[in-house]
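Chemist: Pasting in a structure now, in structure tokens, and then I'll have a few things to ask.
The values are calculated or read from the model by the stated rules, or taken from the named source; none is laboratory data. All figures in this text were calculated on a predicted structure; none of them were measured in a lab. Virtual Cβ from ideal backbone geometry, glycine too; neighbours counted across all protein chains shown. Please note that ligands, DNA and RNA were not included when accessible areas were found on the heavy atoms of the full protein model with its side chains. Shrake-Rupley method; radii C 1.70, N 1.55, O 1.52, S 1.80 Å.
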Amino acid sequence: MRRTLITLLTMLSFALLPVVARGQLLKGTVSGNIDEMTIAISLDGTMLATEYRPIEISADGTFLFDVELKTPFNDVMLEFNSKGQPVGICGAHLVAGETLSLAVAKTETGELSLQFDGKYKDISEFYTHFVRACEVMQYVNNQSYEANRATLTAGVGRVKQLLPLIGDVEFREYYTRSLEAAQKQVMCMLLQKKVRAENKQPREYAEYNELMRNTDINDEIGLKYGLPGSLVSAYIAPGLFIPLQDMTPYALRFMDVVDSLGVTSRAVRKELCNHCAFSYFTYGKGGDYEKFWKRFTAFARDYPEVIAEYAPRIEVLDRTRKGKEAYDVVLTDPEGKSMRLSGFFGTLLYIDVWATWCGPCCAEIPELEKVVKHYQGNDNIRFISISIDSDSKAWKAKLAEDKPAWPQFILDRKVAKQFQADWGISGIPRFILIDKHGKIYNGDAMRPSDEGIIPLLDKVMNE
């Protein structure tokens, strides 16, 4: 299937193309105790839109993945696990209207055996080498910058040797440029890690400056790897990016840098608008969100769909801002008795919103237990946990196992839906702090595992 290079690159833009006819994109078999399979796919071709979807493996070891592509083709990554342990990854080149077959097996040595079949088997085999060299998460480790850079350089070198095997000239040029963009993105990540460790500015490093000089921020092929956002971040002091703190200064600086760089590609600028808002709402807590939003709506004025995507997050911040009346709800205890949340008002109230199926939630339970013990006998603060489990038996079993020393409650399914809407809870664990007057102090408070939790609670009790 030959297409012009322009068509190949356009698939990476945010502009939505007409939906291409749906077909059976990927099917195959797994063996060798592989019991979990996940596909990483970005339907619009940008990194922020990447989704990790589980692929069900039938009892006979067969699997099928099908989705409506918004682009003529889509390069994806597949991950395989066996009994909770990673076995390996591979790439796959999915084309609308074509079926790619894949047989996967775990060998006796624990390695992954792959056999592709279909019109684009050769490109899928090539892309497997591509993702194994440039997949970002393999470089999130404790190795030195120099060691990771050497691994990346060697891996990319091996992939470059395979490029001539791609017969289609336009595809070969596309993957040549893609490989360069993917390598630069990993280098940006490695350099940012080095910058933070050494407490310096990115532009103090010759490698960073060389990378910036040799990279066109308007090149849309970098969108799949998040390269434009990384290039902008190189102009921002590392100290402004502080997860779980006020991200307003970071976001304002990000927008200033984008404007100063003169980004002309609409697709790239739209991606950078998304990057800015995503970072603000995903990593930030607290801060002058009104100042951020006023600046952001002007910054993203040419992309009303981006503004509309994040507007509900601002509405949530308005509904749960400090000083507003806390939302009441009917709670049910393990014995089936009901009471209202407002029955706990009158002292500082720290609420843990969780579920048994949420790993991070369960990881916070021992930390919360430490905090509860720290305040044992203190009548000025109370702690409760509210489960949004739909399976009350699983909830009760978890309580029987952990034996928490503070009140536990669960919400009826309909009540839970309204509770989550009131508080803008889109992910858990979530912690809520209500002052002694029954007003919201923080609708998205510190976790028990955060170092500053005790000083924070002491401060609020003394206000």
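Chemist: Above 18 angstrom, tally the Cα pairs of segment 223-361 and express them as a % of all pairs, no decimals.
Modeler: On the way: 6191 of 9591 pairs.
Result for the distance tail: 65 percent.
Chemist: Counting each DSSP H run of 4 or more residues in the chain as -39500 (n - 2.57), what helix-only mean residue ellipticity at 222 nm follows after dividing by all residues, to the nearest 500 deg cm²/dmol?
Modeler: Details: 14 runs with 189 residues, N = 463.
Theoretical 222 nm ellipticity from helices: -13000 deg cm²/dmol.
Chemist: Additional query: For the chain, which cysteines have no disulfide-compatible partner, meaning no other cysteine Cβ under 4.7 Å?
Modeler: So, Cys90, Cys134, Cys188, Cys273, Cys276, Cys362.
Chemist: If R0 is 56 Å, what FRET efficiency do you get for Asn199 and Glu335 from their C-beta distance, rounded to 0.05?
Modeler: It comes out at approximately 0.55.
Chemist: Under 16 Å from a point placed 7 Å out from the Cα of Ser113 along the Cα-to-Cβ direction: which residues of segment 73-100 have their backbone N that close?
Modeler: Only 88 pass the distance filter.
Chemist: Calculate the FRET efficiency for Ser260 and Ala150 from the Cβ-Cβ distance with a Förster distance of 45 Å, rounded to the nearest 0.05. It would help to have the intermediate numbers written out before the result.
Modeler: Working: r = 34 Å, r/R0 = 0.76.
Efficiency, rounded to the nearest 0.05: 0.85.
Chemist: Quick one: accessible surface of Arg253, probe radius 1.4 Å, all protein chains present, in square angstrom to the nearest 10.
Modeler: Around 90 Å² of this residue is reachable by solvent.
Chemist: Can you divide the C-alpha Rg of segment 37-179 by 2.2 N^0.38 Å and report the result to two decimal places?
Modeler: Taking N as the residue count of segment 37-179, the ratio is 1.08.
Chemist: Let me ask another. Express in whole angstrom the spacing between the alpha-carbon centres of segment 260-298 and segment 69-148.
Modeler: 32
Chemist: For Thr282 paired with Glu51, estimate the spin-label separation in nm (one decimal), with each label point 7 Å from Cα along the Cα-to-Cβ line.
Modeler: 1.6
Chemist: Then there's this: Taking a probe of 1.4 Å, how large is the accessible area per residue of the chain, in Å²? Don't jump to the answer; show the numbers that get you there.
Modeler: Details: 22490 Å² over 463 residues.
For the chain, the solvent-accessible area averages 49 Å² per residue.
Chemist: If you don't mind, there's one more thing I want to ask. Dipole of segment 268-384 (Lys/Arg Cβ +1, Asp/Glu Cβ -1, origin at the Cα centre): which of Thr282, Phe292, Leu317 lies farthest to the positive side?
Modeler: The one lying farthest along the dipole's positive direction is Phe292.
Chemist: Still on this structure, please answer the following. Hey, rough spin-label estimate for Arg213 and Glu305, points 7 angstrom out along Cα→Cβ, what's it come to in nanometres?
Modeler: Modelled inter-label distance: 3.9 nm.
Chemist: Would you rank His437, His129 by solvent-accessible area, highest first, keeping every protein chain in place and using a 1.4 Å probe?
Modeler: Values: His437 130, His129 95 Å².
Descending accessible area places them as His437, His129.
Chemist: Please list Thr356, Thr264 from largest to smallest accessible area, probe radius 1.4 Å, with all protein chains kept in place. Walk me through the numbers before you get to the answer.
Modeler: Working: Thr356 35, Thr264 110 Å².
Reading off the accessible areas and sorting them downward yields Thr264, Thr356.
Chemist: Indicate the helices, whole DSSP H runs only, in the chain that combine a mean Kyte-Doolittle hydropathy of 0.0 or more with a Cα extent along their long axis of 18 angstrom or more.
Modeler: Working: long enough: 121-134 (20 Å, -0.20); 145-162 (26 Å, -0.31); 169-198 (43 Å, -0.51); 248-261 (20 Å, 0.47); 266-283 (25 Å, -0.28); 304-319 (22 Å, -0.17); 359-374 (24 Å, -0.10).
Helix filter hits for the chain: 248-261.
Chemist: What is the set of long-range amide H partners of Arg382 at a cut-off below 5 Å, with H atoms built 1.01 Å from backbone N?
Modeler: Leu348, Leu349, Tyr350
Chemist: Sticking with the crude label model, points 7 Å out along Cα→Cβ, report the distance from Cys362 to Gln85 in nm, one decimal please.
Modeler: Reported label-point gap for Cys362 and Gln85 is 2.0 nm.
Chemist: When N counts the residues of the chain, how does its alpha-carbon radius of gyration compare numerically with 2.2 N^0.38 Å, as a ratio? Intermediate values should be presented prior to the final figure.
Modeler: Working: Rg = 25.0 Å, N = 463, 2.2 N^0.38 = 22.7 Å.
The value comes to 1.10.
Chemist: In square nanometres, what is one fourth of the surface area of the convex hull spanned by the alpha carbons of segment 302-396?
Modeler: On the way: hull surface 36.0 nm².
Its average projected convex-hull area is 9.0 nm².
Chemist: Which value, in Å³ per residue, describes the convex hull spanned by the Cα atoms of segment 356-454?
Modeler: It comes to 107 Å³ per residue, whole-number rounded.
Chemist: Could you tell me which of Met47, Pro404, Pro249 has its Cα farthest along the dipole of the chain towards the positive end, charges placed at Cβ (Lys, Arg +1; Asp, Glu -1), taken about the Cα centre?
Modeler: In the chain, that residue is Pro249.
Chemist: Let me ask something additional. Could you sort out which of Lys396/Lys417; Lys193/Lys417; Lys200/Lys373; Lys83/Lys414; Lys373/Lys436 sit more than 31 Å apart by Cα distance in this structure?
Modeler: Working: Lys396/Lys417 20 Å; Lys193/Lys417 39 Å; Lys200/Lys373 40 Å; Lys83/Lys414 35 Å; Lys373/Lys436 20 Å.
Table pairs above 31 Å Cα-Cα are Lys193/Lys417; Lys200/Lys373; Lys83/Lys414.
Chemist: Evaluate the charge dipole of the chain about its Cα centre and quote only its size in Debye, nearest 20, assuming +1 on the Cβ of each Lys and Arg and -1 on the Cβ of each Asp and Glu.
Modeler: On the way: 55 positive and 61 negative charges, 126 e Å.
Computed charge dipole of the chain: roughly 600 debye.
Chemist: Follow-up question, since we're still on this one. Can you return the lysines within cross-link range of Lys160? Criterion is Cα-Cα under 16 Å, with same-chain partners fewer than 8 residues away left out.
Modeler: Cross-link targets: Lys184.
Chemist: Among the trypsin sites (Lys or Arg not before Pro) in segment 312-354, which ones are in a DSSP loop with at most 13 other Cβ atoms within 10 Å of the Cβ? Mind listing them?
Modeler: On the way: sites: Arg313, Arg319, Arg321, Lys322, Lys324, Lys337, Arg340; in loops: Arg321, Lys322, Lys324, Lys337.
Passing sites in segment 312-354 are Arg321, Lys322, Lys324, Lys337.
Chemist: Give me the three principal axis extents of segment 155-205 from the C-alpha atoms, as integers in angstrom, largest value leading.
Modeler: Its Cα atoms span 47, 18, 12 Å along the three principal axes.
Chemist: Once the convex hull of the C-alpha atoms of segment 67-143 is built, how many Å³ does it hold per residue, rounded to a whole number? Intermediate values should be presented prior to the final figure.
Modeler: Numbers: hull volume 9.5 nm³, N = 77.
Given the Cα convex hull of segment 67-143, per-residue volume reads 124 Å³.
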